[in-house]
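Accompanying notes for the structure given below.
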Amino acid sequence: MKSEKIKYPLKNKLIVLVLVAMMPILYVTIYLILALVNYSRAYDQIVNSMLLANAYNINFKEEMDESLYKLVVSSITFSTIEEDGTLKDPYKLINELRTESNNLLTMTNDRESRVWLQSLLRNVDTLEDRVNDIRANQEAEGQYEKNIDMLYNDIYILTELIQDDIQYYIYYQTKSIEQLKMQLNKEVERVIVISILLGGCIVISVILITIAIRNSITKPIQELCHITSRIAEGNFSNRAQIQTEDELELLSDSVNDMSENLEVMVNQIKEDERKMRYAELRLLQEQINPHFLYNTLDTIVWLIEGDDPDKAVDVVVALSEFFRLVLSKGKETISIREEKEHIRGYLEIQQVRYQDILDYEIAIAPELYTYKILKLTLQPLVENSLYHGIKYKRAKGKIWVTGALQHGASPQEDTILLCVQDNGIGMGAEEVRRLQVEIAKPCKETEKGFGLANVNERIRMNFGMEYGMTIESKKGAGTKVSIVIPAVKIDEPSAGELLRESRQAKEAGDTEGERV
């Protein structure tokens, strides 16, 4: 099935082109989006950590120092400290800071920041131990001086250290933001470079693939346009050679099938027209003989009535020989020897009728006798010279029939020149031009020169358009009609016969194929 030839549909080719153009762009876009999302998350995480650390940096030391100071110098105890709305439980402050510090430690990736968080946690543990000592001293009573000393020498120093840890953490987190920014800039630069390189590759790939796809589409279409234009001009021999395995190949196969079918149909029509035309020419050719026969019979009757039976017998013999050559066993071509005898018989008969005005001479080279010629080629020319040249001269005239071999560049290019010339009334230049135009037409379309047109058309149909007839004439000096035909031996097939044999063989082959 023809549908099996479609391996690469045009739709798929266009999809490939779109994917080649879109996929790299889509990849770069997704990459940029994911990178921006990751950097945004990292930035938000650092900022949130800094905000949280900064809150402890501002409040923790003040709240812790104030609460422990009141616990040492006043009557407030650890169990009643929350009753005072301005103070906070040191243990809760320590636990909150420890919890948030651990959370920050899990979120922080920067090494320096993690070091200061770990230092902070150690200081928080130490602070908790000192708070425990103060609480133990408070419960033991009488340890006020010791607690004051611990408050100034341990607690305040530890909260100061914790505050320093937080500040250092914030400082390094700030540097992390700067590093993140630099990393982001580098990533952006790298993405830009990759995008430029990838974009160049995409452009080159798209151009190459576009050219390939365009050529696989436009070139077959151009070839199909060329083929269809040749078909429109009547040339059906060209065939499209498209092997793209897509819809265009199916289209080219259909165009080839159409061209082949049209060629067969047109050749059949031409052959039918040729056969019809050939039949018409044969019919027109046969119409010449009755007219000549009637005139000859009238001549025979006239001779008998004139008491000249010997002459009448000669005319009957000449007439018999004339029609024997005319029939020629149904052959269309005869030898030039036979055509010469045919003309001689015709002129002998006509000389009997027009003995006072007609004289003739036949000078055809004997070397031409074995060459072939279409039957009744010269007789219409001789008849035309007699009835349109000599008869109206009002004096005795003469007809010359000559023939010679013309050598070409090779024996296959040799031609034969046959001339029928008279010294009759002749024609003017304008009349000769009109007659040339008339005999170049199909004989059924001619208004004058019917016999000459018949001969010219038969020659061209059988031998080719390069052969045929020319006319030369001068008013009062006579007319010369020349015929050029190919030099083909009587036992060799002519170009027309070869063409007919080729067609018959083709028709036979087609018929045999149909039978099979």
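The values are calculated or read from the model by the stated rules, or taken from the named source; none is laboratory data. Here the structure is a predicted model, which means the values were calculated and not measured. Don't worry about glycine lacking a Cβ; one is built from the backbone with ideal geometry, like all the others, and counts go over all protein chains shown. The accessibility values were calculated without ligands, DNA or RNA, using every heavy atom of the protein model including side chains. Shrake-Rupley method; radii C 1.70, N 1.55, O 1.52, S 1.80 Å.
State whether one or more residues within the range 435-451 are modelled with pLDDT under 85 and loosely packed, with under 12 Cβ neighbours inside 10 Å.
Taking every residue of the range 435-451 in turn, at least one turns out to be modelled with pLDDT under 85 and loosely packed, with under 12 Cβ neighbours inside 10 Å.
Six or more apart or on different chains, Cβ atoms under 6 Å: show the pairs whose first residue is in the range 304-318 and within 20 Å of Tyr346 (Cα to Cα) and of a type in the set (A, V, I, L, M, F, W, C) and whose second is in a helix (DSSP H, G or I) and open to solvent by 90 Å² or more (accessible area, probe 1.4 Å).
Short answer, once both residue conditions are applied: Ala312/Ile304.
Could you check, for the range 186-203, whether at least one of its residues is more than 30 Å from Thr77 (Cα to Cα), touching a Ser or Thr at 6+ places or on another chain (Cβ under 7 Å), surrounded by 12 or more Cβ atoms within 10 Å (Cβ to Cβ) and among the polar types (S, T, N, Q)?
No, that holds for no residue.
Filter the range 144-178 down to residues that are in contact (Cβ under 8 Å) with a residue 12 or more places away in the chain and polar (S, T, N, Q) and give me whichever is nearest to Val73 (Cα to Cα).
Asn147
If a residue has to be open to solvent by less than 30 Å² (accessible area, probe 1.4 Å), under 30 Å from Ser176 (Cα atoms) and aromatic (Phe, Trp, Tyr) to count, how many in the range 56-109 make the cut?
1
Let's see how each residue does on (1) open to solvent by 50 Å² or more (accessible area, probe 1.4 Å); (2) under 18 Å from Leu381 (Cα atoms); (3) modelled with pLDDT of 75 or more; (4) among the β-branched types (Val, Ile, Thr):
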site: Arg282; (1), (2), (3), (4): yes, yes, no, no
site: Val313; (1), (2), (3), (4): yes, no, yes, yes
site: Val326; (1), (2), (3), (4): no, yes, no, yes
site: Glu341; (1), (2), (3), (4): yes, yes, yes, no
site: Tyr346; (1), (2), (3), (4): no, yes, yes, no
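Output the number of the condition that Tyr152 fails; it satisfies all remaining conditions of (1) of a type outside the set (A, V, I, L, M); (2) under 60 Å from the mean Cα position of the chain (by Cα); (3) more than 30 Å from Asn109 (Cα to Cα).
Checking Tyr152 against (1) of a type outside the set (A, V, I, L, M); (2) under 60 Å from the mean Cα position of the chain (by Cα); (3) more than 30 Å from Asn109 (Cα to Cα), the one that fails is (2).
When you check Glu141 against the structure, is it under 30 Å from Val72 (Cα atoms) and open to solvent by 60 Å² or more (accessible area, probe 1.4 Å), yes or no?
So Glu141 passes the test.
Select from the range 144-180 the residues that are of a type in the set (S, T, N, Q), open to solvent by 50 Å² or more (accessible area, probe 1.4 Å) and farther than 30 Å from Ala35 by Cβ and write down the one among them that is modelled with the highest pLDDT.
Among residues in the range 144-180 that are of a type in the set (S, T, N, Q), open to solvent by 50 Å² or more (accessible area, probe 1.4 Å) and farther than 30 Å from Ala35 by Cβ, the one modelled with the highest pLDDT is Asn153.
Take the conditions under 26 Å from Asp414 (Cα atoms), at pLDDT 90 or above and open to solvent by less than 70 Å² (accessible area, probe 1.4 Å) and apply them to Lys398. Does it pass?
It is false that Lys398 is under 26 Å from Asp414 (Cα atoms), at pLDDT 90 or above and open to solvent by less than 70 Å² (accessible area, probe 1.4 Å).
Quickly run through the range 348-379 and pick out the residues that are surrounded by 20 or more Cβ atoms within 10 Å (Cβ to Cβ), of a type outside the set (A, V, I, L, M, F, W, C) and within 22 Å of Asp314 (Cα to Cα).
Residues satisfying the conditions are Gln350, Tyr360, Gln379.
Just need a number here: residues in the range 350-370 that are in a helix (DSSP H, G or I) and within 60 Å of the chain's Cα centre (by Cα).
Here the count works out to 2.
Could you please give the count of residues in the range 329-339 that are surrounded by fewer than 23 Cβ atoms within 10 Å (Cβ to Cβ) and modelled with pLDDT of 85 or more?
Number satisfying all stated conditions: 4.
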